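Colleague: What follows is a structure written as structure tokens; I'll ask about it next.
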Amino acid sequence: MNNLKRLDLNLLVTLEALLSERSVTRAAARLNLSQPSVSIQLAKLREIYRDPLLLPNPHGMLPTARALGLLAPLRQTLADVGRLVAPDQPFDPRQAEVTWQLAAADAAEYAILLPMLPRLRLAAPKSRLAIREAAPKRMSRDLADGVIDLGFLSREEAPAELRHRPLFHENYLLVGRRDHPLLQRPPSLEQFCQLEFVMVSQDGGGFRTQIDTLLAAQGLTRRVVMSVPHFLFIPALLAKSDMVAMLPSRMLGELLGELRTCAAPLEMPGYDMVMVWHERSHLDPAHSWLREQVVAALGPL
């Protein structure tokens, strides 16, 4: 109780900034305060908690075990207080000067963000978008920390603890250059295995996907001669070579100029694309509006 009497809300805000930024300088910039002011508040916090909280480190400051234990309940408390004092006003997109942070792989950028962008710019002209690379392994943490606002993943990749909404079902097509001699008609399974494939390996350097597992079940193999970390390099590569690729259909759109598509001679399961967000953003009017723009731009599921 004595500690509670000595603690004010501003100290908790400073503590959250310090633990997130792990730097007095960056925390001061985030809080629009001077470094000495933040240092004084850190000294008060250390006295209250009877713990150093943050220790000097060559790359900034290192939180103590006590500080790391405080971070999650601290963020939840500040979020609850924020909702408690927030004015009950509708979100006005035309006047909102907000920066949204979205995480999407390059294929999702074409399939989701490109159709949404004209609608968003028209409805919220003062807003900004920052597009980050989708990293499924840290998506939940980045959403919880406020590093990103919305993420786009396949349903299989989406962490169970996040809110999510289905957007569309995606299928793969066999793609090669328009005058590719083996794609003038859908290839047989034998011809398919003789083609030279380029594939996406997001972790880098991989040469095997679910397609190879399906072929192996039939005692077959294909020729994967190149792997790349992103989808969007592939169309230009295909247009200038005899290589082919299995690509998500929705990303092709305007990229099809010099390319030909056809169905593969084996059943290749597609995937469901979902939009994911954290519980802390679920009731926020601006965030809710943004989610609706995504859904409206893509049309019915």
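Colleague: I'd like to know which of Asn10, Leu162, Thr261 lies farthest towards the positive end of the charge dipole of the chain, counting +1 on Cβ of Lys and Arg and -1 on Cβ of Asp and Glu.
Modeller: Asn10
Colleague: Can you tell me the dipole magnitude for the range 1-126 around its Cα centre, using point charges on the Cβ only (Lys, Arg +1; Asp, Glu -1), in Debye to the nearest 20?
Modeller: Roughly 260 debye for the range 1-126.
Colleague: In addition: In debye, nearest 20: dipole of the chain around its Cα centre with unit charges on the Cβ of K, R (+) and D, E (-)? Please list the in-between numbers first.
Modeller: Values: 34 positive and 32 negative charges, 142 e Å.
Charge dipole, the chain, about its Cα centre: 680 debye, nearest 20.
Colleague: Just to be sure I understand: with springs between alpha-carbon atoms less than 10 Å apart, which residue in Leu189, Leu162, Leu153 has the highest mean-square fluctuation in the Gaussian network model of the chain?
Modeller: Leu189
Colleague: So, in Å, what gap is there between the alpha-carbon centers of the range 12-59 and the range 237-298?
Modeller: Between the Cα centres of the range 12-59 and the range 237-298 lies a distance of 42 Å.
Colleague: Another question, then. Just the ratio, please: alpha-carbon radius of gyration of the range 73-132 over 2.2 N^0.38 Å, N its number of residues.
Modeller: 1.46
Colleague: Show me, for the range 181-191, the HN-Hα J-couplings you get by feeding each phi into the Karplus relation (A = 6.51, B = -1.76, C = 1.60, θ = phi - 60°), rounded to Hz, glycine and proline as x.
Modeller: x, 9, 10, 5, 9, x, x, 6, 4, 5, 5
Colleague: Let me ask something else about it. Would you please classify the overall shape of the chain from the alpha carbon gyration tensor, given that a ≥ b ≥ c denote the square roots of the eigenvalues, rounded means a/c under 1.5, and beyond that prolate means a/b larger than b/c while oblate covers the rest?
Modeller: prolate
Colleague: Shifting gears a bit: With a 1.4 Å probe and every protein chain left in place, tell me how much accessible area His180 has, in Å² to the nearest 10.
Modeller: His180 has an accessible surface of roughly 10 Å² with all protein chains in place.
Colleague: Here's something else I'd like to know. Cβ under 14 Å from Asn171's Cβ, Asn171 left aside: what net charge do those residues give with Lys, Arg +1 and Asp, Glu -1?
Modeller: Neighbourhood net charge equals -2.
Colleague: Would you look at the GNM of the chain, springs on alpha carbons closer than 10 Å, and say which of Leu120, Leu266, Leu31 moves the most?
Modeller: Looking only at Leu120, Leu266, Leu31, the largest GNM fluctuation is found for Leu31.
Colleague: Between Glu196 and Ala135, what FRET efficiency follows from the Cβ-Cβ distance if R0 is 35 Å, with the result rounded to 0.05?
Modeller: The formula returns an efficiency of 0.70 here.
Colleague: Only bridges whose two residues both fall in the chain count here: according to DSSP, what percent of them are antiparallel, nearest 5? Intermediate values should be presented prior to the final figure.
Modeller: Numbers: 23 of 36 bridges.
Bridges in the chain that DSSP calls antiparallel: roughly 65 percent.
Colleague: Can you give the accessible area of Ser23 in Å² (nearest 10), computed on protein heavy atoms with a 1.4 Å probe?
Modeller: Rounded to the nearest 10, that gives 20 Å².
Colleague: Pop out the carbon and sulfur fraction of the accessible area of the range 71-188 as a percent, whole number, probe 1.4 Å. Walk me through the intermediate numbers first.
Modeller: Working: 3550 of 6770 Å².
The C+S portion of the solvent-accessible surface of the range 71-188 is 52 percent.
Colleague: Going by amide H atoms built from the backbone, whose H comes under 5 Å of the H on Arg132, apart from near neighbours?
Modeller: Hits under the 5 Å cutoff: Leu102, Ala103, Ala104.
Colleague: Which whole-number value in Å² is the accessible area per residue of the chain, probe 1.4 Å? Intermediate values should be presented prior to the final figure.
Modeller: On the way: 16810 Å² over 301 residues.
Per residue, the chain has 56 Å² of solvent-accessible surface.
The values are calculated or read from the model by the stated rules, or taken from the named source; none is laboratory data. Model, not experiment: these values are computed from the prediction. For neighbour counting, all protein chains shown are included, and Cβ atoms are generated from backbone atoms with ideal geometry for every residue, glycine included. Side chains are part of the model used for accessible areas, which takes the heavy atoms of the whole protein and leaves out ligands, DNA and RNA. Shrake-Rupley method; radii C 1.70, N 1.55, O 1.52, S 1.80 Å.
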